[in-house]
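What follows is a short report on a single structure.
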Amino acid sequence: MSKIILLRHGQSEWNLRNLFTGWTDVALTEQGREEARRAGEKIKNAGLEPRYYFTSYLKRAIDTLHIAAAAMDREYVPETKDWHLNERHYGALQGLDKAVTAAKYGDEQVHQWRRSYDVVPPALEPTDDRYPGKDPKYAMLSPDELPLAESLKDTIERVRPCWEEFIAPALRLYGTVLVAAHGNSLRALVMMMRHLTPDEVLKLEIPTGEPQVFELDENLSPISSHYL
């Protein structure tokens, strides 16, 4: 039996300020760091010993992983960073205050951008300083791979190759794997494992800093799941 532990990063500076974050690379708050430490302790106290780690290219997820790994005394475990596990890209909304944006565009429009399955928010222009092509982290990616904005559907399709090509084989090889990532990229993984419909995945909420453990059968389908 394989086990996958999903861990959404702890509170970030922009979570605290109620800003659209997406691919913006912001740090954890002190509360977020404490959430990550407690998550690692919960995993250790549950007797779980992940043997491989996955995370995104964004430091709030990377730092969450490393803080949790230190709390588990398992810093030596190998890890893969994969940009496919980044948060959903919120396009031109990134950096905007959510309440101010709702006041400008209306609650219903902002709700559509945030909570719909296939509605894409306003896109960035490639000349925008927020465009990921200007970030050296993504220098190896082609323009076709760099999003200007994403729906949840787009995010799920981006995460899929990471699941199929890397995470699923690691589960079969190592048995227990920890993925520290983001709300929407983790929703994508749960959707794929559970074969959820678009309506079902929209109802899925993943709290920050709370490890969720899935026990998987030989086909990597969930037998059970619970939060620690």
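With r as the distance between the Cβ atoms of E205 and D154 and R0 = 22 Å, compute the FRET efficiency 1/(1 + (r/R0)^6) and round to 0.05.
Working: r = 20 Å, r/R0 = 0.90.
It comes out at approximately 0.65.
Going by alpha carbons, how many degrees (0 to 90, nearest 10) lie between the helix axis of 183-194 and the longest principal axis of the chain?
Tilt relative to the chain: about 50 degrees.
Please work out how many pairs of lysine residues in the chain are eight or more positions apart (or on different chains) and have Cα atoms closer than 15 angstrom.
Taking the Cα cut-off of 15 Å, the pair count is 5.
So what's the convex hull volume per residue for the Cα atoms of segment 6-65, in Å³?
74 Å³
Please compute the Kirkwood hydrodynamic radius of segment 59-127 from all pairs of different C-alpha atoms, in Å with one decimal.
Result for segment 59-127, one decimal place: 15.0 Å.
What is the dipole size for the chain, taken about its Cα centre, with +1 at each Lys and Arg Cβ and -1 at each Asp and Glu Cβ, in debye to the nearest 20? Before the final figure, lay out each step's value.
Working: 28 positive and 35 negative charges, 77 e Å.
Rounded to the nearest 20 debye, it is 360 debye.
Kirkwood Rh and Cα-based Rg: tell me the resulting Rg over Rh for segment 97-228, rounded to two decimals.
Rg/Rh for segment 97-228 comes to 1.00.
Counting only Cα, what are the radius of gyration and maximum Cα-Cα distance Dmax of segment 9-143, in Å?
17.0, 49
Candidates [x] 13.0; [y] 12.0; [z] 15.5; which is the computed mean projected area of the Cα convex hull in nm²?
Checking each listed value against the structure points to [y].
How much of the accessible area of the chain, in percent, comes from carbon and sulfur atoms when a 1.4 Å probe is used?
Of the solvent-accessible surface of the chain, carbon and sulfur hold 48 percent.
Where only protein heavy atoms count, and the probe is 1.4 Å, what is the accessible area per residue for segment 111-156 in Å²?
Values: 2580 Å² over 46 residues.
It amounts to 56 Å² per residue over segment 111-156.
Among DSSP beta bridges lying fully in the chain, give the percent that are antiparallel, nearest 5. Before the final figure, lay out the partial values.
Details: 12 of 25 bridges.
Percentage antiparallel, nearest 5: 50.
Got the relative contact order for the chain handy, in percent, Cα pairs under 8 Å and 6 or more residues apart?
33 percent
The values are calculated or read from the model by the stated rules, or taken from the named source; none is laboratory data. Nothing here was measured: the structure is a model prediction, and the numbers come from that model. Cβ sites come from the backbone with ideal geometry, for glycine too, and all protein chains shown count toward neighbours. We work out accessible area using only protein heavy atoms, side chains counted, and drop any ligands, DNA or RNA first. Shrake-Rupley method; radii C 1.70, N 1.55, O 1.52, S 1.80 Å.
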